[in-house]
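**Q** This is the structure I want to talk about, given as structure tokens.
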Amino acid sequence: MSQRTRARGLAAAAALALALTACSGGSDGDEDGAALDNRTGAMEDYAAGDQFTATEPLTFSMLFSDHPNYPSQDDWLLWSEITERTNVTLDPTLVPMSDYEQKRSLLIGAGDAPSIIAKTYPGQEDAFVSSGAILAVSDYVDLMPNYQKKVADWGLEANIDQLRQADGKYYVLPGLHEAPWQDYTIAMRTDVLDELGLATPTSWDEFRTTLEAIKEARPGEYPFSDRFSETYPGGNLLNMAALGFGTSAGWGYNNATWDGDAEEFVATAAMPEYKEMVEYFHDLVADGLMDPESFTQDDDSAIQKFVTGKSVAIGTNAQTVVNEYEPGLATNDPDATVAKIPFPCGPVGCVLNPVTQTENGIMINADAADSPNFVAMMQFIDWLYYSDEGQEFTKWGVEGTTFDKAADGTRTLAADVDYVGLNPGAPKHLQKDFGFAGGNFAYGGATELLWSTFSDAEVAFQESIADYDMIDLAPPAPLDEAESEQLTLIDTTLRDAVSQGTIQFILGQRDLSEWDAFVADLESKGATQYVDVVNGARDRYVADNG
Amino acid sequence: MVTTVETSAGPLPARTGSLLRETRGYKVFRAFNVVALLGVVAVTLYPFLMIIARSFSSDTAIRSGRVNIWPVGFNLTTYQLVMNDAMFWTNYKNTVVYTVVATAIALVLTTCYAYVISKHQLRGRSVLIGIAVFTMFFNGGLIPNYVLITSLGLKNSLWAIVLPNAISVFNLLVMKAFFENLPLELEEAAQIDGLGTYRILWKIVIPLSKAVIATMLLFYAVSFWNSWFAAFLYMDKSELFPVTVYLRNLIAGSSTAQSTGAAAADVAQVSANIQSVTMVLTVLPILCVYPFVQRYFVSGVMLGSVKG
């Protein structure tokens, strides 16, 4: 989410420039994929499960986000093995990861983008759609059997529908996950829980009672001091809690939330569920269970409180446990242990958001459709990004060189290769020395593949939430240009007002009796207008596309 | 980032034992000056010292906020990590090359341009000034600039960084003001002695302009040294990047984990002091240049301001 907002400014500028310059070019991608005569190098009977190999050597340009921790090397096994297997040479344009989105906007705007534009989060393509610079990939998915199979097998049609623009097409090929992947949750000091004889909380209610018990045992400290408030106050915490309370907030906040029962979008902050969530956190703060600084402090301050034992609960993801909390605790308190608690359930039950089943993927330069080897490129992308073999290859590398596979399918890294601390001290690194498991290629995949590099603790966490239900995905409601402009004007004002009000109510700076006034104020800032426009777009989409 | 300290040379030296006797008021004034300026020095220096200290401290000490102006848990791991990377040195070399070439070109062009527009008798002078000043307020924007540079075939070459920013209009105007201040009689005398325009510039004006040239040198060198955006736009290969882009990317890498929280593949493991290490590594060399040009610098910046 934060990435998306950051890119929005430049993307909008690029889109504007495009609208001015790109009127001339662009193919209308309505042709039927199978009837294309641009089949140079393409395979005749390419089907799901087949190894793609171009019938003649091909080169495709690609925009590549270069990660500082494993900068691209020309001699990576990744590059040579891709050529070996597919007869395709990738020609990457290296862009430092720090400013990847800006350069991507620039290159697309200047009409200079490579054919394959990697690492694009769904939603980021919006800015480029109207210019015609990006290929409507939905017109060509019949060239991609593995992709279609994964969408069907994993039931991702609703996720894909969310990507659709007003013309009913979509412009980004997302990374696909077999199941939702919830990484963020709350980490707690398990040694403190054990010492006090407390069970690990599994819901927000239990979380509260656990904090109460801890507070009783150690008065004077706030048992819960949260982080991830740097870009958005309570960004992670409210985002997580909103799921269980049945609304949207924090990083995932949207001014319009889909109400599955009423079959329409409703104004988020006016939802009773939203108020309920705010009340819950208000009570935590009011009762001294949660540090009021949780919403304002930077991450380092929160980490410091946690690793020095002042707090016993903090927001987390898998990495922060291993990289930040455990090392910090080890120096301050060698007996301390920390673990993720199961993703807390809320009043609406134990739910996850299936939106995490699509993640960053690729856009394709519209000019590529005119290339003689366009079909081969789509087949190549299909194999590399969406086939089981391709996904295993980009993540684990080459069997026998970087990893070995047992008869039961368990993969182990080669003894001289390290990755995420699986082989500490090994001389080579899967990402740095071979180029595998990097963010440009390895996204999504089967749950089995995703979990294959997780630690035991992380697998245990994932298993604890495996049988959670999923919330309804919002149906597509693509805005036209005028609507989108209109909503952009309201969106930020409304968003800021909600965020500010939410924090004030939680911290007790504003009394909860003023809630109705708060909602009325949002009304005057255009909350209803916003929802009406979205609902209108929804109705229009249904009328146009069924 | 290192601009104001020099003003601590501010108060005039008191000539003890000369005509002026120090009044009490003057003593108080001086004491106050010393205290105030020491305060300014402390305020300016403190963050810098803290950054240096952090760059030598251990992760845990930084995370638990124990580092002040002295390193805690002395550690060189991040320095080693950065400096053991061959790409770091390649990019550092690039920075030096880009800075030297760009500064040289910028100095030549700015001096020539400023000298021309400082001549009041020149016809069309106001147009030339207008052209320069126009670019201070209006520009073609990012994408047209990119298209221009690319179509000229400058992409992935030194010239893409050096040429588009060769003349800074602000510097140009400062230099123009300086040249206008030079006594016209000097040049007339030289003319009578038979020197042509170019030799007047070379033999008379330039030697008299050391102060402003040194100032421009510093301005340009610092800005080129710190710049990363042009390189980021026009370079597609990591071996062409200046060190600023390298280090910027490194910082981004160390904060990926929290901002995206997404793919495990993007886990960043760079330690907490990468930011301070970066600052130390980029600032130190250019900082070393300061003492050598400082005596020109103090008089140089004042120049343009005296006469408009």
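**Q** Ranked by Cβ crowding within 10 angstrom, fewest neighbours first, how are A:ASP45, A:ASP291, A:ASP491, A:ASP298 ordered?
**A** Going from sparsest to densest Cβ surroundings: A:ASP45, A:ASP298, A:ASP491, A:ASP291.
**Q** On to the next question. Can you give me the long-range amide H partners of A:CYS345? Hydrogens built in the peptide plane at 1.01 Å from N, cutoff under 5 Å, separation of 5 or more residues or another chain.
**A** Sorted by chain and number, the residues that satisfy this are A:SER203, A:TRP204.
**Q** Next question, about the same structure. Hey, for a label at A:GLN500 modelled as a point 7 Å past Cα toward Cβ, could you say which residues of region A:521-535 have their backbone N under 20 Å away?
**A** Answer for this model: A:521-530.
**Q** Using a ≥ b ≥ c from the Cα gyration tensor of chain A (square roots of the eigenvalues), is it rounded, prolate or oblate, where a/c under 1.5 gives rounded and otherwise the larger of a/b and b/c decides, a/b for prolate?
**A** Numbers: a/c = 2.09, a/b = 1.28, b/c = 1.64.
Oblate.
**Q** What FRET efficiency comes out for the pair A:GLU216/A:GLU293, r = Cβ-Cβ distance, R0 = 25 Å, nearest 0.05? Intermediate values should be presented prior to the final figure.
**A** On the way: r = 22 Å, r/R0 = 0.86.
E(calc), rounded to 0.05, equals 0.70.
**Q** Right, another one. List the residues, sorted by chain then number, that are 5 or more residues from A:MET62 or on another chain and whose placed amide H is less than 5 Å from its amide H.
**A** A:ASP91, A:THR93, A:SER115, A:ILE116
**Q** Continuing with the same structure: Residue separation times 0.36 nm, minus the C-alpha to C-alpha distance between B:GLU239 and B:LEU184: what's the value?
**A** That works out to 14.9 nm of additional length.
**Q** Let me ask something additional. Stokes-Einstein D for region A:185-354 at 4 °C, 1.567 mPa s, Kirkwood Rh over Cα pairs, in µm²/s? The partial results should precede the final answer.
**A** Working: Rh = 16.3 Å.
Here the translational diffusion coefficient equals 79 µm²/s.
**Q** Evaluate E = 1/(1 + (r/R0)^6) for A:GLU276 and A:GLN529, where r is the Cβ-Cβ distance and R0 equals 35 Å; express this FRET efficiency to the nearest 0.05.
**A** About 0.90, to the nearest 0.05.
**Q** Going by alpha carbons, how many degrees (0 to 90, nearest 10) lie between the helix axis of A:272-286 and the longest principal axis of chain A?
**A** 50 degrees
**Q** Using modelled backbone amide H atoms (1.01 Å from N, in-plane), which distant-in-sequence or interchain residues come within less than 5 Å of A:ASN87's amide H?
**A** Long-range HN contacts for A:ASN87: A:ALA54.
**Q** For B:LYS119 paired with A:ASP544, estimate the spin-label separation in nm (one decimal), with each label point 7 Å from Cα along the Cα-to-Cβ line.
**A** 6.4 nm
**Q** OK, next. Would you calculate the separation in nanometres between label points at B:ASN156 and B:VAL35, each defined as 7 Å from the Cα along the Cα-to-beta-carbon direction?
**A** My value for the distance between the label points is 6.3 nm.
**Q** Give me the percent relative contact order of region A:185-354, please, defined on Cα pairs under 8 angstrom at least 6 residues apart.
**A** Reported as a whole number, the value is 39 percent.
**Q** How far, in degrees from 0 to 90, does helix A:100-109 lean away from the longest principal axis of the Cα atoms of chain A, to the nearest 10?
**A** 40 degrees
**Q** A further question follows. With respect to the cross-link table entries A:LYS169/A:LYS432; A:LYS305/A:LYS432; A:LYS340/B:LYS237; A:LYS275/A:LYS305; B:LYS27/B:LYS176, which display a Cα-Cα separation exceeding 31 Å?
**A** The answer is A:LYS169/A:LYS432; A:LYS305/A:LYS432; A:LYS340/B:LYS237; B:LYS27/B:LYS176.
**Q** Report, in whole Å, the centroid distance computed from the Cα atoms of region A:448-515 and region A:170-231.
**A** First find each Cα centre; the distance between them is then 17 Å.
**Q** Can I ask one more? On full extension of the chain, what length is gained from A:THR337 through A:SER371, given 0.36 nm per residue of separation minus the C-alpha to C-alpha distance?
**A** 6.5 nm
**Q** Another question, if that's okay. For A:MET377, B:MET279, which order do you get if you count the other beta carbons within 10 Å of each Cβ and list the fewest first? Present the calculation step by step, with values, prior to reporting the outcome.
**A** Working: A:MET377 25, B:MET279 19.
Ordered by Cβ neighbours within 10 Å, fewest first: B:MET279, A:MET377.
**Q** Right, something else. What list of ³J(HN,Hα) values in whole Hz, one per residue of region B:143-153 in order, does the Karplus curve 6.51 cos²θ - 1.76 cosθ + 1.60 (θ = phi - 60°) give from phi, with Gly and Pro shown as x?
**A** Whole-Hz 3J(HN,Hα) from phi for region B:143-153: 5, x, 4, 4, 4, 4, 4, 5, 5, 6, x.
**Q** So, one more: Tell me the mean residue ellipticity at 222 nm calculated for the protein assembly as shown from its helices only (DSSP H runs of n ≥ 4, each -39500 (n - 2.57), averaged over every residue, nearest 500).
**A** -15000 deg cm²/dmol
Bear in mind these aren't lab numbers, they're just calculated from the coordinates by the rules spelled out. From a predicted model like this one, the values you see are computed outputs, not experimental measurements. Note: ideal-geometry Cβ built from the backbone for every residue, glycine included; neighbour counts use all protein chains shown.
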